[in-house]
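**Q** Below are the structure tokens for one structure; questions will follow.
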Amino acid sequence: MSAIDADWLGAARARAEAVPLVSRVPLSLAAATPAASAHRIGSIEPAVAERMQAARLPIAAQAAGYCIAAPAAKSLLAIARWLHAEKLAAHWRDELLAVVDDEGRTVGAIERGVVRILGLATEAVHLVGVDVRGATWVQKRAATKSTDPGLWDTTMGGQVAAGERVGTTLMRETMEEAGIDVAVLSDLVHSTPIVVQRPVREGYMVERIEVFRAVVPDGIEPVNRDGEVERFERLDDAALVARLARGEFTLEATLILGAELERRGIVAREGAA
């Protein structure tokens, strides 16, 4: 199969580097000690921050943006509960994600359902699983998913929980979503990460995606265990390209699978003559 143009991939990459639709200002978290500088952790819409102040939440206006008061754990929990109660954020997941500052330091943890409204950076892990002949295993997201229900996705994709290592997330999510022990996969490779920054319904998404690819041996087929996947299919390159071009996959999966197809020479690299 000769390399083909992929306008859909260029369009997806443009969507993954989009500015907020509504003006946002920097959001910081006060340091544990008064002598230390605050940590820049995300961004927020001024109108939302003003509502928080009116509700007497631990957040204050600064010369540039807003700052959440210390102690981090108490303040972040209070803000998360208020955002949920006011229906300003996604539904409560009862899962904690790390709060990371702009220097990559973990400075707290917060409920997963509120990270987008606060513009917090998150980390995810995806697995591209292929069979021994090169066909790609993909999943159809369950209709009950709060994000991108019914769209197609990589073999596995999941968030890195607070305090969790990327490798642990890979093992946990691959077993939960696909029923596969990572140990049985062959040729496991950590690929180039993908970064997504774009407006979403809840606010603004900033996410680094760690991508792994591996071969799923013959005799092993993914089977969902956590109820978040409707079904799996195995697609050859032509079918995969066709579905990606029709927009049947999530944006993140389109970026990941598109990069993999580029790497393998199935689609032409952007800018190539």
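**Q** Which of T144, L57, S75 sits farthest toward the positive end of the charge dipole of the chain, with +1 on the Cβ of Lys and Arg and -1 on the Cβ of Asp and Glu?
**A** Value computed over the given set: L57.
**Q** May I pose another question? Size of the dipole of the chain about the Cα centre, Lys and Arg at +1 and Asp and Glu at -1 on the beta carbon, nothing else charged, in debye to 20?
**A** It comes to approximately 820 debye.
**Q** With labels modelled as points extended 7 Å from the Cα through the Cβ direction, what inter-label distance (nm, one decimal) is found for R165 paired with D94?
**A** 2.8
**Q** Another question about this same structure. If you take the beta carbon distance between D7 and R201 as r and set R0 to 25 Å, what does 1/(1 + (r/R0)^6) give as a FRET efficiency, to the nearest 0.05?
**A** 0.45
**Q** I need the calculated FRET efficiency for the pair T192 and S37, taking r as the beta carbon distance and R₀ as 51 Å, to the nearest 0.05.
**A** Calculated transfer efficiency: 0.95.
**Q** What would the Debye formula give as log10 I(q)/I(0) at q = 0.13 Å⁻¹ for the alpha-carbon point model of the stretch 203-273, no solvent?
**A** -0.51
**Q** Can you tell me how the stretch 25-118 classifies by the Cα gyration tensor, rounded, prolate or oblate, using a/c under 1.5 as the rounded cut?
**A** oblate
The numbers here are math on the coordinates, done by the rules we state, and not lab data. Keep in mind that what you see is a predicted model, and the values were worked out from it rather than measured. Every residue, glycine among them, receives a Cβ derived from its backbone with ideal geometry; neighbour counts consider all protein chains shown.
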